[in-house]
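The values are calculated or read from the model by the stated rules, or taken from the named source; none is laboratory data. On a predicted model such as this, the values are computed, not experimentally measured, just so you know. A quick note on method: Cβ atoms are made from the backbone with ideal geometry, for glycine too, and the neighbour counts reach across all protein chains shown. The protein model used for the area step is the full one, side chains on, heavy atoms only, and it has no ligands, DNA or RNA in it. Shrake-Rupley method; radii C 1.70, N 1.55, O 1.52, S 1.80 Å.
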Amino acid sequence: MWKQFLGKISRKSPKSGGGGGSPPAKSPSSRGAANGAEAELSASSPAAFPAPSGAETREDVFLRKLNVCCVVFDFAAERGRDSPEVERKRQVLVSLVDCVSAAEEPLTEAMLSACVRMFAINLFRVFPPKLRSGASAATDEDEPFFDPSWYHLQVVYELLLRFVMSPAVDVKVARKYMDNSFISRLLDLFDSDDPRERECLKTVLHRIYGKFMGNRPFIRKAVSNIFYRFVFETDRHNGIAELLEVFGSVISGFAKPLKEEHKLFLWKALIPLHKPKTVGVYLPQLTYCITQFIEKEPKLTGTVIRGLLKYWPVTNSQKEMMFLGELEEVLELTEMADFQKCAVPLFRRIAQCLNSSHFQVAERALFLWNNEHLFDLISQNRQVILPIIYPALERNARWHWNQSVLNVTMNVRKMFFDMDERLLLACQTNFQEEEKKRAASEERRRLVWEHLERNAAFHPVTGDIGFAVPPTSAPLVAPTMT
């Protein structure tokens, strides 16, 4: 009888608790729990955990496994998977994934708290300093970094995803532990250098946003702050594309009409993302988010086009080509009334692109006329657009160095000729008059400079003639105080 009693005591273990944001006061300290769990991990394997019996409940076994998983290993120091304790922890994590996936009864509050605590201990960490330096980022930009601890992190992320999706998790209770502090630290992990981790975080964040509805405003605000910090302070972040991909599906679920908060998110958070020089990394996701806004409310087209013109690149030709591609997608969704409001500044910028010395920029701007919807908009507003565009077309036809640009320019001129011959001839006459005035002005300027040069040659400027030099013999007297 005594042997049975002692055997029951040996199988019992203290319950562990505490969440990512506010752990219960009765839980042991993290150091003591980790030491006890490490000793248990080195002495036993997952197969040693018995099935729930009269002496040990399902909750006790679950908490004991979570306590084992709170031990964090240094993969760089311990050579990764060579340690047997590392493999045992992975097996325990896999068994927890199976437990949460197959759970039919609701998880208790102690189990929810312990889960969130284990997630926080394993996931929230400081990234290695060598990966934060700008020099290494510039040299190894095309070589992704793979975290050596991914052997455990992968299963932890899988468990977190199953935890969020599980119907056995009570959202009201779980929100006490997966609070704003937990979500904020989870969002910080998007700056990880490991693309596998960012991909997992993308899925987890999308599920959290869908299930924890009370945290949605905070998530939107926190992501906006990440965008602000990236655009106006650091100019470097690894997870902008993944965050935009999540918000692409979020924006598609916005109700009509859009709230003022959502419109401010477009103007203050999304449009400034065109400013960084690394915009090409996340431009497809950014364009998708912006087009989702326009589909929800077409009147936002003018806001988007003004934002593009505000951040239009001047010296970066590759970025300018990206902007032209995005502009075409936006104009495909533009209605006539909104197009007319921004046609003048828009086509002034397009005219500058037509005369670009970079032939790909000029060619990409000319290809806008191949879009049927945009061609219809231009044809109905040709009285305003053609006087702006024609000088650029004429300069290309006369002086552009690239034959391909020259050929496409002639095709565009023919389109306008077939569209409205009288207007084209009027623009041509006006251009010729302006060219004559410009030539006469340049001739006058040349004559003035020649006159100045002749006068300077006959009357050279020497010495300090015309400048009064103060006498130096007078002594300097300091002011007296009375």
Of the conditions (1) touching a residue at least 24 places away in the same chain (Cβ under 8 Å); (2) closer than 21 Å to GLU245 by Cβ, ASP170 clears all except one; give me its number. (2)
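Scan region 152-173 for residues that are of a type in the set (Lys, Arg) and surrounded by 19 or more Cβ atoms within 10 Å (Cβ to Cβ) and jot them down.
ARG162
From the list PHE367, PHE347, pick out the single residue that is aromatic (Phe, Trp, Tyr), closer than 23 Å to LEU300 by Cβ and at pLDDT 95 or above.
Step by step, each of PHE367, PHE347 is checked, and only PHE347 is aromatic (Phe, Trp, Tyr), closer than 23 Å to LEU300 by Cβ and at pLDDT 95 or above.
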Quick count over region 387-421, residues being open to solvent by 90 Å² or more (accessible area, probe 1.4 Å) and part of a loop (DSSP other than H, G, I, E, B), is 1
Quick test for you: out of TYR288, TYR282, pick the one residue that is of a type in the set (Phe, Trp, Tyr) and open to solvent by less than 10 Å² (accessible area, probe 1.4 Å). TYR282
Every residue in region 172-206 that is within 20 Å of HIS152 (Cβ to Cβ) and not in a helix (DSSP H, G or I), please. SER192, ASP193, ASP194
Kindly evaluate ARG445 against the criterion of being open to solvent by 70 Å² or more (accessible area, probe 1.4 Å) and in a helix (DSSP H, G or I). yes
When ARG236 is run through (1) open to solvent by less than 70 Å² (accessible area, probe 1.4 Å); (2) touching a residue at least 60 places away in the same chain (Cβ under 8 Å), the failure sits at (1)
Please tell me if ALA337 is of a type in the set (Gly, Ala, Ser), open to solvent by 30 Å² or more (accessible area, probe 1.4 Å), closer than 27 Å to LYS299 by Cβ and assigned to a helix (DSSP H, G or I). yes
Single residue of region 176-195 satisfying the filter (in contact with a helix residue (DSSP H, G or I) (Cβ under 6 Å, 6 or more places away or on another chain) and open to solvent by 10 Å² or more (accessible area, probe 1.4 Å)) that is farthest from GLU245 (Cα to Cα): TYR177
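What number of residues within region 287-314 are in a loop (DSSP other than H, G, I, E, B) and within 15 Å of ALA337 (Cα to Cα)?
Going through region 287-314 one residue at a time, the tally reaches 1.
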Set PHE431, PHE367: member being within 38 Å of the chain's Cα centre (by Cα) and part of a helix (DSSP H, G or I): PHE367
Residue that is more than 23 Å from SER252 (Cβ to Cβ), under 19 Å from the mean Cα position of the chain (by Cα) and buried (at least 16 other Cβ atoms within 10 Å of the Cβ), where the choices are LYS319, LYS275: LYS319
Flag for TYR209 being among the hydroxyl-bearing types (Ser, Thr, Tyr) and either in contact with a Gly (Cβ under 9 Å, 6 or more places away or on another chain) or not in a helix (DSSP H, G or I) (or both): no
Options GLU197, GLU245; residue that is touching a residue at least 12 places away in the same chain (Cβ under 8 Å), within 20 Å of ARG125 (Cα to Cα) and of a type in the set (Asp, Glu): GLU197
Exclusive hit being touching a residue at least 40 places away in the same chain (Cβ under 8 Å) and buried (at least 20 other Cβ atoms within 10 Å of the Cβ), set ALA362, ALA343: ALA362
Consider region 239-268. How many of its residues are more than 22 Å from PHE145 (Cα to Cα) and assigned to a helix (DSSP H, G or I)? 16
